[in-house]
1. Select, from S32, S8, S104, the only residue that is in the same structural domain as R257 (by TED's automatic domain parsing), farther than 29 Å from A277 by Cβ and more than 23 Å from the chain's Cα centre (by Cα).
2. Look at the stretch 213-255 and say how many of its residues are in a helix (DSSP H, G or I) and β-branched (V, I, T).
3. Among the numbered conditions (1) part of a loop (DSSP other than H, G, I, E, B); (2) within 16 Å of ligand 1 (Cβ to nearest atom), tell me where A207 comes up short.
4. Give the number of residues within the stretch 242-260 that are charged (D, E, K, R) and crowded, with 19+ Cβ neighbours inside 10 Å.
5. Select from the stretch 157-170 the residues that are part of a helix (DSSP H, G or I) and within 16 Å of the chain's Cα centre (by Cα) and list them in ascending order.
6. Residues that are at pLDDT 95 or above, touching a Lys or Arg at 6+ places or on another chain (Cβ under 6 Å) and assigned to a strand (DSSP E or B): does the stretch 110-129 have at least one?
7. Is the stretch 180-188 home to any residue that is within 16 Å of ligand 2 (Cβ to nearest atom), buried (at least 24 other Cβ atoms within 10 Å of the Cβ), touching a residue at least 60 places away in the same chain (Cβ under 8 Å) and not in a helix (DSSP H, G or I)?
8. Among the residues of the stretch 97-134, write down those that are within 16 Å of ligand 2 (Cβ to nearest atom) and buried (at least 20 other Cβ atoms within 10 Å of the Cβ).
Amino acid sequence: MPLTEISSFSVSRLEILDSEGKVDPSLDPGLSNDELLKLHRLMCLGREADSRMLKLQRTGRLGTFPPTAGQEAVSVASTLAVRKSDWFTGAFRELPGRLARGQSFTQLLKFWAGHEEGAAVSMDDRTIPDNIVIASHVPQAVGIAYAMQLKGEDAVVLNFFGDGATSEGDFHEGLNFASVWKSPVIFIIQNNGWAISTPRAKQTNSATLAQKAIAYDMPGIIVDGNDALAVYTAVSEAAERARKGEGPTLIEAQTYRMGVHTTADDPTRYRSDEEVAEWAAKDPIVRFQRYLEDKGIWDADKQAALEEEIKVEVAASVAEFEGMEKIRPDTPFDHVFENTNPEMERQREIFLENIRAEFPEDLEGVGDAKA
Ligand SMILES: Cc1ncc(C[n+]2csc(CCOP(=O)(O)OP(=O)(O)O)c2C)c(N)n1
Ligand SMILES: [Mg+2]
């Protein structure tokens, strides 16, 4: 009986802009100047919005949230590579992509302030709110894609999640069925090397995350996630395949979160200053800016003017957010079931007792709790 090789595989990595911002002309996706400047503006907007959120949280004006600085290229370039009629399903580190998608910063602030309106998106926008339960939105994204197939629409679904999510059963179940049904999903792993304090090496023994696509017989590719052009190219190709009925793609975007996991985390306890410095030198925005300068369409004065304009825009959203009516801290209890029940009310009362004891100011001027 011969030993026959049934399958073999390789995994490729795409980088178009190096860390100095030098482009490989043979791979340049050829975006127009307007498209390039829009991409840059949205990455800068994401960075400023994120930094304002951090200040709001540190001064007690916003709840816990997961900062996105360092990961702007993945979500913005992916979003711009698909159409408005496609779907956007993210985890919780896609603030810049959400802004690129057209969600208002005020609404996103409401979301992180625990205001239910922040999660009330119109289905016409095809942009699903943040998903905190790791990987549970992967099968949901496949379900949306399958529905698009049944309805005969050519819409594709962007589905973002982190490296840690690839260890969850939901990830594998989602990929399996997307491939069986040839559903139009683009799975994008934001591989930032860490799942809170768990490093990538302790997450999986696989040499790459992209190779997990092989088992499900779909294309898997690694991209430099801090290179907006590489992300744009990989997502455009995946979208084109999906629209032709050729099924899903898995993209491993290698990136780094420059800040804390969430505002409740202290990363100095588990990662080194050297590692952070190494990634700071690969900043996706600085790199893109150099590329634009080399093309002769950008300079330091234009950058300063853009940053000023964005600061004003972000400040206006913050002012709108801060002007909104104060919400009762127990409103989440209103939204668990259509009709409340004794157990829910018992838990609400325990919650309110704790608030009364520790944060009585949160109950001032918000009216009575709903019974
Ligand atoms: C099912 C589930 N388990 C645990 C958690 C707690 N948790 C929140 S974020 C996180 C790590 C996620 O890591 P990764 O998927 O790499 O995303 P990143 O935070 O790096 O963007 C964990 C374990 C959760 N939210 N959901
Ligand atoms: Mg991670």
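The values are calculated or read from the model by the stated rules, or taken from the named source; none is laboratory data. What you are looking at is a predicted structure, and each value in this text was computed from that prediction instead of being measured. Neighbour counts are summed over all protein chains in view; Cβ atoms, including those assigned to glycine, are modelled from backbone coordinates with ideal geometry.
1. Working: S8 fails: in the same structural domain as R257 (by TED's automatic domain parsing); S104 fails: more than 23 Å from the chain's Cα centre (by Cα).
Going through S32, S8, S104 in turn, the sole match is S32.
2. So in the stretch 213-255, the residues in a helix (DSSP H, G or I) come out as 213-215, 228-243.
From what is left, the residues that are β-branched (V, I, T) are 214, 231, 233, 235.
Count: 4.
3. Every condition holds for A207 apart from (2).
4. Of the residues in the stretch 242-260, the ones charged (D, E, K, R) are 243-244, 246, 252, 257.
Still in the running and crowded, with 19+ Cβ neighbours inside 10 Å: 252, 257.
Here the count works out to 2.
5. Let us first name the residues in the stretch 157-170 that are part of a helix (DSSP H, G or I), namely 163-167, 169-170.
Of everything in the stretch 157-170, those that are part of a helix (DSSP H, G or I) and within 16 Å of the chain's Cα centre (by Cα) turn out to be D163, G164, A165, T166.
6. For the stretch 110-129, residues at pLDDT 95 or above, touching a Lys or Arg at 6+ places or on another chain (Cβ under 6 Å) and assigned to a strand (DSSP E or B): present.
7. Filtering the stretch 180-188 for residues within 16 Å of ligand 2 (Cβ to nearest atom) gives 187-188.
Next, only the ones that are buried (at least 24 other Cβ atoms within 10 Å of the Cβ) stay: 187-188.
Checking which are touching a residue at least 60 places away in the same chain (Cβ under 8 Å) leaves us with 187-188.
Then keep just the ones that are not in a helix (DSSP H, G or I); that gives 187-188.
Yes, some residue in the stretch 180-188 is within 16 Å of ligand 2 (Cβ to nearest atom), buried (at least 24 other Cβ atoms within 10 Å of the Cβ), touching a residue at least 60 places away in the same chain (Cβ under 8 Å) and not in a helix (DSSP H, G or I).
8. Filtering the stretch 97-134 for residues within 16 Å of ligand 2 (Cβ to nearest atom) gives 97, 130-134.
Listed by number, the residues that qualify are G97, D130, N131.
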